[in-house]
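Student: One structure coming up, written as structure tokens, with questions to follow.
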Amino acid sequence: MIKQLFYTWNSVALNPERSDALEVLDLTQIPIETAITVAYPSLPFCELVDVINRVQMATPLNVSVLLQNYGYAYDSKLQSLIEKLRPLPQIFWQWCQTRSLSPRDLFPFLSVSDLTTLNPLLQNFAQLNLTRQLGSQILEILIECILLKVPSDHLQPPSEKSEDGALWLQHLQHLRFPQTYSRDQEKQQTLMQLPWTKEIQTRWLRQGDRSGVEIRFFASSSSELQKRVQELQNVVQHETQLHESH
């Protein structure tokens, strides 16, 4: 069993969540930036931001040294991000921590002059409990829409159901890239007209600047796999014949 310790530095509680531990260890003899890494050998970025804000309220802290201790390349952009994140609503920040968002995921916030204007949107966002990948995509395009001055009532999620997150992303993409979205919808309609078997699921998918067909199927044996491959070849042949006839 790992012994739980409560660490302090010059009367500053480094890990207050362990304040009920049986043993207290004072680390005043070493720099506070090192003491924090003793109390927390590893920390996701969002939790590290919380520690920085909490400790800075009690004592001066060299943030650049602390970030480097955790493997981050410190620069003015990263420092600005840490300061920028402070007014985010707690429910959204908890989602960021749960999903272990990185600085890269959060950098779009630097483009917004006043984050408090986003609070209603971010509170609704957090209630969807999205995955990190989908949530990061939505955050990026949501902020782009805000910078383009799209009215906030047009940016709200369709519901509070997490399964509607993909629909929200599509809606935001339509607002951000109306022409690209229309072309993708046309591709999806064309895709649906091809003779797919019920065992094969397809959709037209956009990933950044690239778009194409996503194909999914399940095969439990080599013979079943061969059958699915043959079905795909039949679709390709059908599409080729249609193209040639036009």
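A short reminder: the numbers here are calculations on the coordinates, not readings from a lab. What you are looking at is a predicted structure, and each value in this text was computed from that prediction instead of being measured. When we count neighbours, we look across all protein chains shown, and the Cβ atoms used for this are built from the backbone with ideal geometry, even at glycine.
Student: Pick out, in residue order, every one of the trypsin sites (Lys or Arg not before Pro) in region 127-164 that is DSSP loop and has at most 11 other C-beta atoms within 10 Å; say none if there are none.
Tutor: 149
Student: Could you tell me which of rounded, prolate or oblate describes region 1-150, using a ≥ b ≥ c as the square roots of the eigenvalues of the alpha-carbon gyration tensor, with rounded for a/c under 1.5 and, failing that, prolate when a/b is larger than b/c and oblate otherwise?
Tutor: It comes out prolate by the Cα gyration axes.
Student: So between residue 65 and residue 148, what do we pick up on full extension, going 0.36 nm a residue minus the alpha carbon distance?
Tutor: Roughly 26.2 nm would be gained on extension.
Student: Using label points projected 7 Å from each Cα along Cα→Cβ, tell me how many nm separate residue 225 and residue 213, to one decimal.
Tutor: Between residue 225 and residue 213, the simple spin-label model gives 2.1 nm.
Student: Rounded to whole Hz and in sequence order, give me ³J(HN,Hα) for region 121-133 from the Karplus expression 6.51 cos²θ - 1.76 cosθ + 1.60, θ = phi - 60°, writing x for Gly and Pro.
Tutor: 5, 5, 5, 5, 4, 5, 5, 6, 6, 6, 5, 4, 5
Student: Please identify the GluC sites (Glu not before Pro) of region 105-192 that satisfy two criteria: DSSP loop assignment and at most 16 other Cβ atoms within 10 Å. Which are they?
Tutor: Here the GluC sites (Glu not before Pro) that fit, given the DSSP loop and packing criteria, are 160.
Student: Rounded, prolate or oblate for region 67-209? Axes are the square roots of the Cα gyration tensor eigenvalues, ordered a ≥ b ≥ c, and the cut-off for rounded is a/c under 1.5.
Tutor: Prolate, because a/c is 1.5 or more and a/b exceeds b/c.
Student: Mean residue ellipticity at 222 nm from the helices of the chain, using -39,500 (n - 2.57) per DSSP H segment of n ≥ 4 over the full residue count, to the nearest 500 deg cm²/dmol?
Tutor: -15500 deg cm²/dmol
Student: What FRET efficiency comes out for residue 190 versus residue 241 if R0 is 25 angstrom and r is the Cβ-Cβ distance? Round to the nearest 0.05.
Tutor: Between residue 190 and residue 241 the formula returns 0.95.
Student: Taking the chain as the reference, fit the longest principal axis to its C-alpha atoms, fit the long axis of helix 178-192 to the helix C-alpha atoms, and give the angle between the two in degrees, 0 to 90, nearest 10.
Tutor: Once rounded, one gets 50 degrees.
Student: Right, here's the next one. Give me a comma-separated list of calculated 3J(HN,Hα) values for region 110-117, in order, Karplus coefficients 6.51, -1.76, 1.60 applied at θ = phi - 60°, integers in Hz, x for any Gly or Pro.
Tutor: 5, 7, 9, 5, 10, 5, 5, 5
Student: Towards the positive end of the charge dipole of the chain, with charges on Cβ (+1 Lys, Arg; -1 Asp, Glu), say which of 139, 46, 118 has the farthest Cα.
Tutor: Highest projection toward the positive end goes to 139.
Student: Under a 10 Å cutoff between Cα atoms, tell me which one of 147, 106, 139 has the largest fluctuation in the Gaussian network model of the chain.
Tutor: 147
Student: Amide H of residue 8 versus every other amide H placed in the peptide plane: which residues, excluding those fewer than 5 positions away on the same chain, fall under 5 Å?
Tutor: Long-range HN contacts for residue 8: 14, 25, 26, 27.
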